[in-house]
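The values are calculated or read from the model by the stated rules, or taken from the named source; none is laboratory data. Just so you know, these numbers come straight off a predicted model, no measurement behind them. No Cβ is skipped: glycine too gets one built from the backbone with ideal geometry, and neighbour counts run over all protein chains shown.
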Amino acid sequence: MSAMPRQLAWRLFKHEAKRGELSIILFAIILSVASVLSLSLFSERLQGALTDRSAEFIAADRQLSARTPIDPEWVMSAQTFNLATAQQTSTRSMAFANDELALVDLRAVSGDYPLKGTIKLAPELFATGVETTQIPALGEAWIDSRLFQLLGVSLGDSIELGEAQFTITKILSEIPDGGFSVFNADPMVLINLADIDATRVTGPGSRVNYKVYFTGSESDLDDYFDVLSPQLDRQVHRWLSVQDDTSPIGESVARAEQFFLLASLLAIILAAVAIGVAAQRYAQRHFDPVAIMKTLGASTSTIRKVYLYQIGFIALLGIVIGAIVGFVLQQLVVSALAGTVEVSLQIWYWRPLLIAIFTGSVCALLFCLYPLLGLFSIPPLRVLRRDIASSFTSRGGQYLTAGGAILLLMWVYSQNLKISLILFVSGLILVGLLLASTLGLIVLGRILGSGRMGAWQLAWARIKRRSLDNSVQLISFALTIMLLLVVLVMRNDIVQQWRDQLPQGTANYFLTNVTEEQRPSLIQHFSDNGIETDGLFPVSRGRFVKINDEILRHDITKEKEDTTNETRRGMGREANLTWDTQLQMGNEVIAGKWHGDWSLENSDLPPGVYPVSIEERVGERMRIGMGDKLTFNIGSEIVTVEVTSIRTVNWQTMQPNFFFVLHPMAMEAFRASYITSFYLPPERKPELTRLMAPFASVTMFDVDARINQVRSIIEQVSAAIEFILILVLVAGSLVLVAQVQASMDERQRELAILRTLGAKGSMIRASVIYEFLIIGSVAGLMAALANEVSLYLLQTQIFQMQSSLHIEYWLIAPLTGAVVVGLLGATSCWRLLSMNTQVLLSKML
Amino acid sequence: MIKTENLIKTVSTSEGELQILQPTNFSVEEGQSIAIVGSSGSGKSTLLGLLAGLDTASSGEIWLDGAPLHALDEEARAQLRGEKVGFIFQSFMLVPSLTALENIMLPAEITGLSNPKIRALEVLKQVGVAHRAGHYPNQLSGGEQQRVAIARAFITQPKILFADEPTGNLDAKNSDNVESLLFELNKQSNTTLVLVTHDPELALKCDRQLSMNAGVLEEVTV
Ligand SMILES: Nc1ncnc2c1ncn2[C@@H]1O[C@H](COP(=O)(O)OP(=O)(O)OP(=O)(O)O)[C@@H](O)[C@H]1O
Ligand SMILES: [Mg+2]
């Protein structure tokens, strides 16, 4: 007796699977598992590769930096956690050679440095760097091309750093964590860590930065940090991981990760919708068998077991096939993209599989739950009165569990409640809109559908009659289209913003320390050589003296400074000031009025106080707002300025950006130096030395290598995003097919009857196509609207991007919706109509 | 075997309460065959549904082989149906995804009879469609489907068999076949037979005839 339900379930399952009756529900589960597995496996592998890539920017997986020497015990204990370590001590110091003096960025590194990325050496001054696995030997110094110019030295010469003598043996091109700042960047000198003590530059009073680098498995790193973190002093120590990277690359990677997450979430929702649709259809098809079994004496618990077993079999089969399909799919894509997209070589991760299995089971269970509950409660009387459906008709409850299940899945998967809620809420808004519009449609249908019974009237009559079923269908079509739109538009916007960030011809060299006198001849010289400079910005270094009446004291010891400045975090002693009446490109005033747009005479600023425009984030960090007065010491003069506007700056662009922009009047008395940037095509690189020859005192920064690095990462991520877009599109289209087929199923009976009554095939077909055209276009329009809402939320709340309207989709979405859904409807209708009526009727059994 | 007392069924419609079955009192002896006739919509299926315990009466009592059907809940009624009752319907009501043989095995399995497959093959042979055992319902003709349905109804050797227009969907020849099969099995296993029919000839073959007229059941004397 107890084995009966299982046997019966198995028998039903076997036969139905053989006869293709389970194909849609099985397919939906396979789809959900396969897409979740392939997407998350792919993104896991891609992220592995990208994280490795970005790890190069901190030269390790983790970095501990400190202002005081780091306890050697900590480094030792890291090794017991199976972590590899390396060290760097850096400071600004004077270098002396050839009777010339220069301030340098001195880096002393241990033998294992860098743990990620490589040191690059230039074969000639300013030439493209070549990787090396070595570090300077004792007594050797590798120095930046610029320093050769500044000091007028050449290879083999000696250089004095602090109190020690070194031999210059190599031209240093770049180190992985060399930083990206154009300002304050002194030419770099690399020496061996064992030599640092001899230079005596790390004595008290000097600003020294001590770093320890760590690499190892994520879990070992986390374990180590758990042990380490209680010992860290937040004032002194900073623990850095790749994710903390705020460089353009770091942000691109973070954004790409969010996109993958989003795309996978949408894939889950799509699959869930497909399963829901299929489960509903499955349950309806089993109304009769359940009524029969009950009539024959089956108890409710027997029925329950039979169907739970069946769902179990289906889910199991779906998960197994889905996992295989997903893995193969992902592997195919990886090999197809080989060469373009670098992925981690580790081909298997457990997390994606677990997520996929979890998704498959939760979908199968929760989305089948309500249809099944309905199924269980089918009264046996249905065998006599065919119109009796389930007495269990809590549609509200059904939507609640379905919605809850989706939210749960999204949350579990993303571990990010915010992104899940945003998607979910915009989904709810869409559903609300749709319900309202369906009602509108029905009213409209009453007007449009009156008159003689043609195909058009028939279509409207159907939509009208089955308003609730139709609204459910509409909602699922619209949801699908919306999700596809979100992914599509998101991808376009992200890739576009990345491209905008580094357009062709982005400046790859920066010049600083251009004097007032050099300015005209430099512009002339460059344009004679066919090179355009991106404008020269005046710069002056100013030292903060006061903010309003609060006097800032810098000249005391560091420890004291730390405590007095606690409330104004991120406060440097000095700031780079520029002045202009023109607002720089990419800047936007968000508070106050730009000082170039009004005249100083008519302002109510006190005499001797000039306007300043500050950057938003620095204002927040330093707690400066509109109307605050800042006092700077420039040269030996005191200048007081008042904040009259706050700007946002696009930090993603590779152009000089400034926190503080003053009015030119404030700076009239000062000598300025200028900064500019220009683009030099790679093939003209050899001309560089000749080009710069007349301006020996001008400092040049070569950021070409950096830009290429950023660009290649962006290219990679874009290609990966392309793949994910395609995958989601395929998933979405499949869901649409499933939906059309399920709804075609419901029409089968009606078609058969119409057919039997002698309705012409062409008329039936036309009416079905019209119906799907109407549903498709309305769903498309609704999707376009809901798309705007969710994109706005996503872009402003999660992706921190500029959000804009996407009017074009308001037209594209209804059109493609109508065409695609209409076409799908037409094909499955054609399939139905090509069967003869007899078959059609017997299929209804 | 069957006995009703003041059986009443009312349903609520948009126009208020509607009494579709007037107080009904009648009884059927063991092994008897009775026919319920009457015009469409008169309440025949309603009565059948009540007698078989598929539906609950608004008031009144039904006794089925000594069991008070009116006092049982759905689970208990299901068990009673499984043990004592067989059904045949106008639209056959076979499970589409089970083969003919498996459809027949179904009640035996549900009620936990031993060797359901052997029993099923046996009755399948009796109804003359043994060669169709592995076919699905939609691969069978109407007559064949109804024979399978009859086989399914008899596999548990029920004490009472309810049939709602068993020949309604069949042509004359198939009807005759099914009818004679039905009565044959009825005689063989001494089953009480309650059948609803529009066919006067079929009604005449029964021991008794009752006529339903707008919810009122009357004995017809021929
Ligand atoms: N739940 C219900 N709600 C409303 N009306 C009902 C309900 N059940 C039955 N009826 C009505 O009661 C009447 C009797 O129905 P029943 O199915 O018993 O008729 P019948 O005699 O079997 O007819 P036919 O010969 O056409 O099968 C019909 O008018 C039917 O519409
Ligand atoms: Mg009837």
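Could you look through the stretch A:719-729, keep only residues that are in contact (Cβ under 8 Å) with a residue 12 or more places away in the chain and surrounded by fewer than 19 Cβ atoms within 10 Å (Cβ to Cβ), and pick out the one that is farthest from the chain's Cα centre (by Cα)?
A:Leu729
Rundown of residues vs (1) under 24 Å from A:Asn708 (Cα atoms); (2) under 35 Å from the mean Cα position of the chain (by Cα), yes/no style:
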site	(1), (2)
A:Gly139	no, no
A:Ser145	yes, no
A:Phe148	no, no
A:Asp157	no, no
A:Ser173	yes, yes
A:Arg200	no, no
A:Phe214	no, yes
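Return the residues of the stretch A:147-172 that are of a type in the set (D, E, K, R) and under 24 Å from A:Thr202 (Cβ atoms); say none if nothing qualifies.
Scanning the stretch A:147-172 gives A:Glu160, A:Glu163, A:Lys170.
Among (1) out of contact with any Ser or Thr (no Cβ under 7 Å at 6 or more places or on another chain); (2) within 16 Å of ligand 1 (Cβ to nearest atom); (3) without any contact (Cβ under 8 Å) to a residue 40 or more places away in the chain, where does B:Leu18 come up short?
The failed condition is (1).
Report, by residue number, each residue of the stretch B:137-166 that is within 16 Å of ligand 1 (Cβ to nearest atom) and within 10 Å of chain A (Cβ to nearest Cβ).
Residues satisfying the conditions are B:Phe162, B:Asp164.
For the stretch B:169-177, state whether one or more residues are in contact with a Phe, Trp or Tyr (Cβ under 6 Å, 6 or more places away or on another chain) and either touching a residue at least 40 places away in the same chain (Cβ under 8 Å) or more than 22 Å from B:Arg119 (Cα to Cα) (or both).
No: the stretch B:169-177 contains no residue that is in contact with a Phe, Trp or Tyr (Cβ under 6 Å, 6 or more places away or on another chain) and either touching a residue at least 40 places away in the same chain (Cβ under 8 Å) or more than 22 Å from B:Arg119 (Cα to Cα) (or both).
Select the helices (runs of 4 or more DSSP H) contained entirely in the stretch A:1-119, then report the ones holding at least 2 residues which are more than 14 Å from chain B (Cβ to nearest Cβ) and hydroxyl-bearing (Ser, Thr, Tyr).
Passing ranges, in order: A:23-55, A:72-80.
May I ask you to verify whether A:Asn548 is surrounded by 11 or more Cβ atoms within 10 Å (Cβ to Cβ), at pLDDT 75 or above and farther than 30 Å from A:Leu688 by Cα?
For A:Asn548, the condition - surrounded by 11 or more Cβ atoms within 10 Å (Cβ to Cβ), at pLDDT 75 or above and farther than 30 Å from A:Leu688 by Cα - is met.
Matching residues to (1) more than 9 Å from chain A (Cβ to nearest Cβ); (2) modelled with pLDDT of 90 or more; (3) within 15 Å of ligand 1 (Cβ to nearest atom):
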site	(1), (2), (3)
B:Ala35	yes, yes, yes
B:Leu51	yes, yes, yes
B:Asp55	no, no, yes
B:Glu75	no, no, no
B:Ser91	no, no, yes
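Which of the residues spanning the stretch B:178-197 are without any contact (Cβ under 8 Å) to a residue 60 or more places away in the chain and touching a helix residue (DSSP H, G or I) at 6+ places or on another chain (Cβ under 8 Å)?
B:Val178, B:Glu179, B:Leu181, B:Leu185, B:Ser189, listed by residue number.
What number of residues in the stretch B:105-122 are facing another protein chain (nearest Cβ under 7 Å) and at negative phi?
The total comes to 5.
Given (1) buried (at least 20 other Cβ atoms within 10 Å of the Cβ); (2) touching a residue at least 24 places away in the same chain (Cβ under 8 Å); (3) within 13 Å of chain A (Cβ to nearest Cβ); (4) over 14 Å from the mean Cα position of the chain (by Cα), where does B:Gly134 come up short, assuming only one miss?
In the conditions (1) buried (at least 20 other Cβ atoms within 10 Å of the Cβ); (2) touching a residue at least 24 places away in the same chain (Cβ under 8 Å); (3) within 13 Å of chain A (Cβ to nearest Cβ); (4) over 14 Å from the mean Cα position of the chain (by Cα), B:Gly134 misses (1) alone.
Of all residues in the stretch B:37-49, count the ones that are more than 6 Å from ligand 1 (Cβ to nearest atom) and within 14 Å of chain A (Cβ to nearest Cβ).
Here the count works out to 3.
Being more than 19 Å from A:Val545 (Cα to Cα) and part of a loop (DSSP other than H, G, I, E, B) narrows it down to one residue among A:Ser645, A:Ser603; which is it?
Result of the check over A:Ser645, A:Ser603: A:Ser603.
Can we say B:Thr191 is more than 16 Å from ligand 2 (Cβ to nearest atom), under 14 Å from the mean Cα position of the chain (by Cα) and among the β-branched types (Val, Ile, Thr)?
yes
How about the stretch B:1-118: which strands (runs of 3 or more DSSP E) wholly inside it have at least 2 residues that are closer than 17 Å to A:Met293 by Cα?
Result: B:85-89.
Mind checking which pairs have a first residue in the stretch A:361-388 that is within 14 Å of chain B (Cβ to nearest Cβ) and crowded, with 22+ Cβ neighbours inside 10 Å and a second that is aromatic (Phe, Trp, Tyr) and outside any helix (DSSP H, G or I), Cβ under 9 Å, 6 or more apart or different chains?
Listed pairs, sorted by first residue: A:Leu375/A:Phe392; A:Ile378/A:Phe392; A:Val383/B:Phe87; A:Val383/B:Phe89; A:Leu384/B:Phe89.
Any residue at all in the stretch A:752-771 that's in a helix (DSSP H, G or I), free of Cβ contacts under 8 Å to residues at least 60 places away in the same chain and under 19 Å from A:Ile475 (Cβ atoms)?
No, there is no match, as no residue in the stretch A:752-771 is in a helix (DSSP H, G or I), free of Cβ contacts under 8 Å to residues at least 60 places away in the same chain and under 19 Å from A:Ile475 (Cβ atoms).
Would you check which residues across the stretch B:154-170 are at pLDDT 90 or above, away from ligand 2 (no atom under 13 Å from the Cβ) and not in a loop (DSSP other than H, G, I, E, B) and list them?
Scanning the stretch B:154-170 gives B:Ile160, B:Leu161.
List pairs: first in the stretch A:507-525 and of a type in the set (D, E, K, R), second surrounded by 16 or more Cβ atoms within 10 Å (Cβ to Cβ) and modelled with pLDDT under 85, Cβ under 7 Å, 6+ apart or cross-chain?
Note: pairs meeting the criteria are A:Glu516/A:Ala672; A:Arg519/A:Leu536.
Is it the case that A:Gly627 is surrounded by fewer than 16 Cβ atoms within 10 Å (Cβ to Cβ) and not in a strand (DSSP E or B)?
Yes, satisfied.
May I ask you to list the residues in the stretch A:278-303 that are more than 7 Å from every other protein chain (Cβ to nearest Cβ), closer than 16 Å to B:Gly82 by Cβ and not β-branched (Val, Ile, Thr)?
A:Ala291, A:Ser301
Could we say that B:Glu102 is within 14 Å of another protein chain (Cβ to nearest Cβ) and at pLDDT 90 or above here?
yes
Does A:Ile196 qualify as being outside any helix (DSSP H, G or I) and in contact (Cβ under 8 Å) with a residue 24 or more places away in the chain?
Here the answer is no, as A:Ile196 does not meet what is asked.
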